[in-house]
């Protein structure tokens with residue numbers, strides 16, 4: 001298996017001021033960081049110090065939390081932040097090796113605009129851009145784009161598939177060596193190396209060419225996090241990095257085998273699709289210190305916010321009227337991604353949790369694997385999954401920032417390096433080189 | 001008149017590798033600069049050294065030149081470059097006083113996305129973002145967005161007007177002091193200071209709120225360049241900076257009076273709309289040196305490119321089949337902006353130019369006022385218009401970059417400073433402060 005020859009891929013998933021629901025209320029946190037460049041610059045440099053492959057910003061085209069009124073919303077801590085592509089463009093010139101992965105929706109953008117922005121980011125970063133492709137999953141976003149409700153799941157994926165054809169086609173508008181800038185002959189480019197896309201499809205008619213040259217990576221790295229059957233098929237065809245929510249080893253191994261097999265069935269090399277489960281982390285010098293850090297954050301969870309978050313994580317399921325100290329009711333059918341809901345419901349049933357216990361238990365990782373302990377304890381758990389064929393690496397979700405990222409970079413990574421599981425120097429300068437992904441050949 | 005109390009506003013209009021059509025073929029030019037961050041960083045720092053208020057990037061959602069085939073296109077020098085908002089986001093953290101103005105189209109974007117990106121740029125730059133609002137003007141762009149032809153001029157403006165209502169409404173989603181981050185009470189923001197837009201219009205239904213706080217300038221500065229009646233009315237209502245194409249003093253004075261009057265009629269202070277005619281510049285230590293620089297560039301114009309450029313500047317009017325050494329034919333009705341066409345046609349008729357003479361005569365400024373000479377000569381001409389009520393400042397269009405911008409910053413600006421016409425230190429740190437524009441009060 002190739003993974004024995006390679007080290008773990010590490011993503012740093014960095015929402016200000018951290019992943020724990022109450023991170024913003026922690027005495028050491030800086031809740032205004034989501035709109036401060038210096039805050040993010042410090043985070044990016046910590047990720048680079050920690051030999052992370054990439055930093056990742058999730059995104060929604062609107063306030064994505066479920067809320068009944070402004071009072072409830074005002075207790076939540078994450079609704080304002082930089083637009084990711086602008087922030088990563090700025091960070092590109094302050095970093096040298098870190099991959100820069102922004103989320104953007106295929107439902108509320110046009111492919112020509114997305115192709116341009118990620119190509120531009122790839123040039124600004126000299127080959128470190130990645131695009132996390134989402135179809136969006138809330139009516140709150142749809143309402144900002146002339147809709148009352150979002151389009152059905154299958155329709156969003158149909159649009160997303162055609163969207164990818166257009167974007168990747170536009171990225172191949174020009175061959176790598178099309179631009180020769182020949183001043184003497186007056187040829188800016190070789191006309192044989194221009195390819196007009198002329199896409200005529202169900203959702204899009206896009207002529208091209210793109211008004212950027214082919215970018216340093218050939219194409220920015222495609223990232224995706226779908227876990228529905230549509231999502232996994234999408235990943236098998238398009239994704240080069242897959243983020244996933246996995247709670248236990250067997251399910252993670254099964255998911256890993258499944259998407260690698262699907263990639264192979266789609267004619268791809270399975271090694272060219274990297275599976276990175278999310279891991280929520282609380283790191284302490286001792287186990288007790290980690291536990292204390294966690295309990296301090298748990299004590300700061302507002303019940304109103306806890307219930308709202310649970311509702312959002314279940315796919316905007318309304319839980320008002322149910323007894324917080326009673327069991328989770330049966331779930332209605334939802335239109336969003338169902339993968340995370342399934343994981344959370346299973347977790348509640350297996351552990352016989354009340355609604356209150358459930359929201360507290362996911363206030364940290366929101367359904368993601370929960371790792372708490374010393375650097376050795378956390379390294380043990382990461383190594384177990386990596387060696388057992390459950391992961392090519394991990395998308396690290398620190399409890400609070402910047403402390404949790406510093407702890408991972410400065411305590412956990414050195415332990416992983418001692419075990420030969422994390423690089424001690426970057427292999428290359430592009431995200432593809434560091435992830436071990438091929439640079440895609442031009443289609444012509 | 002307030003302008004006597006103020007210095008000139010200066011914009012640096014910076015398409016790589018310069019404004020002259022043949023700039024890319026000049027021995028000193030760097031034609032690949034459009035996709036190199038260090039090239040643009042150097043330009044931005046030169047503009048800041050020259051006390052410019054802002055740098056400006058034009059943009060099209062596609063290759064905007066008129067061309068019949070790849071052979072013709074391959075002789076043109078401007079079709080690939082950074083996407084402006086990503087580039088300016090990166091430049092924001094390398095500059096401290098320079099305004100950063102990007103073009104974006106209301107025809108091929110959604111208002112929620114545009115509101116986010118410019119707000120994000122305003123945060124990244126600590127208050128130096130500006131948006132040049134365009135409705136786009138070519139079928140080449142329309143073909144990248146599911147259309148065969150662009151929408152009619154009046155329809156594009158109707159959409160643009162509603163677009164502005166939505167964007168400015170979203171920018172006021174939160175009052176300036178909405179976010180208090182009160183860790184003790186658990187209130188991230190004051191719910192009384194959140195305002196849901198709930199826009200329900202003909203083109204857009206947008207709920208809001210924006211997922212960014214109110215930005216440092218309250219709202220990014222609105223820039224516009226319309227010269228049709230629709231365009232001037234749009235400017236009167238929305239624009240705070242107006243770029244314009246003006247060839248002679250009387251017409252410039254008339255335009256100046258007209259848009260200021262329209263702004264006043266719309267209930268605005270005329271001083272809160274700054275009129276900046278474009279000026280194409282060739283600077284020499286001596287007049288002869290400037291003339292030599294110009295003739296060297298003129299000698300590099302490819303006739304195929306000259307004719308294509310003329311066709312584009314006239315609004316995609318096809319000129320093939322006409323004798324290059326005969327007169328310009330009558331113009332057909334066009335769907336794009338008509339202001340520039342009118343200026344060019346008038347210029348041809350008044351000077352009795354052949355098609356060849358016409359394209360050569362606008363190969364430099366493409367219809368803009370043409371200034372060639374020593375720093376004193378150029379300063380004289382700028383001062384004349386500024387004092388005569390034809391301009392609040394100028395949008396400077398250097399012949400080639402970086403040389404032409406360096407010459408303006410290091411030779412012309414010191415001469416203007418000696419006359420008290422250009423600042424010797426920035427008045428403030430935001431674009432509004434430097435332009436003398438009010439920070440808009442929140443609407444609630």
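Residues that are buried (at least 18 other Cβ atoms within 10 Å of the Cβ), out of contact with any strand residue (DSSP E or B) (no Cβ under 9 Å at 6 or more places or on another chain) and not in a strand (DSSP E or B) do occur in segment B:180-190. All of A:87, A:91, A:43 fail the test of being more than 14 Å from chain B (Cβ to nearest Cβ), in a helix (DSSP H, G or I) and modelled with pLDDT of 95 or more, apart from A:43. What about residue B:59, is it modelled with pLDDT under 95, in a helix (DSSP H, G or I) and within 12 Å of chain A (Cβ to nearest Cβ)? Against the criterion (modelled with pLDDT under 95, in a helix (DSSP H, G or I) and within 12 Å of chain A (Cβ to nearest Cβ)), residue B:59 does not qualify.
Each row is one residue, and each column tells you yes or no for (1) in contact (Cβ under 8 Å) with a residue 40 or more places away in the chain; (2) in contact with a helix residue (DSSP H, G or I) (Cβ under 8 Å, 6 or more places away or on another chain); (3) more than 22 Å from residue A:100 (Cα to Cα); (4) within 14 Å of chain B (Cβ to nearest Cβ).
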| residue | (1), (2), (3), (4) |
| --- | --- |
| A:221 | yes, yes, no, no |
| A:227 | yes, yes, yes, no |
| A:242 | no, yes, no, no |
| A:247 | yes, yes, yes, no |
| A:256 | yes, no, yes, no |
| A:276 | yes, no, no, no |
| A:284 | yes, yes, yes, no |
| A:289 | no, no, yes, no |
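Taking the criterion of being part of a helix (DSSP H, G or I) and over 21 Å from residue A:100 (Cα atoms), the residues of segment B:67-84 that qualify are B:70, B:71, B:72, B:73. Only one of the numbered conditions (1) within 28 Å of residue A:273 (Cα to Cα); (2) more than 10 Å from chain B (Cβ to nearest Cβ); (3) surrounded by 19 or more Cβ atoms within 10 Å (Cβ to Cβ); (4) in contact with a helix residue (DSSP H, G or I) (Cβ under 6 Å, 6 or more places away or on another chain) is violated by residue A:175, and that is (3). Quick check on segment B:336-355: of everything there that is in contact with a strand residue (DSSP E or B) (Cβ under 9 Å, 6 or more places away or on another chain) and surrounded by fewer than 16 Cβ atoms within 10 Å (Cβ to Cβ), which residue is nearest to residue B:230 (Cα to Cα)? Out of the qualifying residues, it is B:349. Of the residues in segment B:11-25, at least one is under 19 Å from the mean Cα position of the chain (by Cα), facing chain A (nearest Cβ under 10 Å) and part of a loop (DSSP other than H, G, I, E, B).
With respect to residue B:410, is the statement that it is more than 25 Å from residue B:230 (Cβ to Cβ) and in contact with a strand residue (DSSP E or B) (Cβ under 9 Å, 6 or more places away or on another chain) true? No: the conditions fail for residue B:410. Against the definition (under 30 Å from residue A:192 (Cβ atoms), at pLDDT below 95 and assigned to a loop (DSSP other than H, G, I, E, B)), how does residue A:438 come out, yes or no? Criteria not met by residue A:438. Can you tell me which residues in segment B:391-419 are more than 14 Å from residue B:47 (Cα to Cα) and over 18 Å from the mean Cα position of the chain (by Cα)? Result: B:415, B:416, B:417, B:418, B:419. Just name the residue that is surrounded by the most Cβ atoms within 10 Å (Cβ to Cβ) out of those in segment B:281-304 that are touching a strand residue (DSSP E or B) at 6+ places or on another chain (Cβ under 7 Å) and part of a helix (DSSP H, G or I). Result: B:290. Considering B:346, B:296, the condition of being over 22 Å from the mean Cα position of the chain (by Cα) and within 14 Å of another protein chain (Cβ to nearest Cβ) is satisfied by B:296 alone.
All told, residue B:64 meets the bar of being within 9 Å of chain A (Cβ to nearest Cβ), modelled with pLDDT under 90, part of a loop (DSSP other than H, G, I, E, B) and out of contact with any strand residue (DSSP E or B) (no Cβ under 9 Å at 6 or more places or on another chain). Residue-level analysis places residue B:252 outside the set of residues that are touching a helix residue (DSSP H, G or I) at 6+ places or on another chain (Cβ under 7 Å), in a helix (DSSP H, G or I) and crowded, with 24+ Cβ neighbours inside 10 Å.
If you go through segment A:323-335 and pick out every residue that is in a loop (DSSP other than H, G, I, E, B) and surrounded by 14 or more Cβ atoms within 10 Å (Cβ to Cβ), you end up with 5. Annotation note: of B:319, B:358, B:310, the sole residue that is closer than 30 Å to residue B:151 by Cα, without any contact (Cβ under 8 Å) to a residue 60 or more places away in the chain and surrounded by fewer than 20 Cβ atoms within 10 Å (Cβ to Cβ) is B:319.
Every residue, every condition in (1) within 12 Å of chain A (Cβ to nearest Cβ); (2) touching a residue at least 60 places away in the same chain (Cβ under 8 Å); (3) not in a loop (DSSP other than H, G, I, E, B), yes or no:
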position: B:119; (1), (2), (3): yes, yes, yes
position: B:145; (1), (2), (3): yes, yes, no
position: B:150; (1), (2), (3): no, yes, no
position: B:156; (1), (2), (3): no, no, yes
position: B:202; (1), (2), (3): yes, no, no
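Being in contact (Cβ under 8 Å) with a residue 60 or more places away in the chain and within 30 Å of residue B:27 (Cα to Cα) is a property that does not hold for residue A:194. Output the residues belonging to segment A:121-139 that are modelled with pLDDT of 95 or more and not in a loop (DSSP other than H, G, I, E, B). Matches in segment A:121-139: A:121, A:122, A:123, A:124, A:129, A:130, A:131, A:132, A:133, A:134.
Annotation for segment B:68-78: no member residue is modelled with pLDDT of 95 or more and within 13 Å of another protein chain (Cβ to nearest Cβ).
Selection of segment A:94-112 for residues being facing another protein chain (nearest Cβ under 7 Å) and either buried (at least 24 other Cβ atoms within 10 Å of the Cβ) or in a helix (DSSP H, G or I) (or both) yields only A:112.
Let's see how each residue does on (1) more than 23 Å from the chain's Cα centre (by Cα); (2) not assigned by TED's automatic domain parsing to the domain that holds residue A:17:
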residue: A:290; (1), (2): yes, no
residue: A:328; (1), (2): yes, yes
residue: A:334; (1), (2): no, yes
residue: A:341; (1), (2): no, yes
residue: A:351; (1), (2): yes, yes
residue: A:376; (1), (2): yes, no
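The values are calculated or read from the model by the stated rules, or taken from the named source; none is laboratory data. Bear in mind the structure is a predicted one, so any value in this text is a computation, not a measurement. Methodologically, a virtual Cβ is constructed for each residue, glycine included, from the backbone with ideal geometry; neighbour enumeration extends over all protein chains shown.
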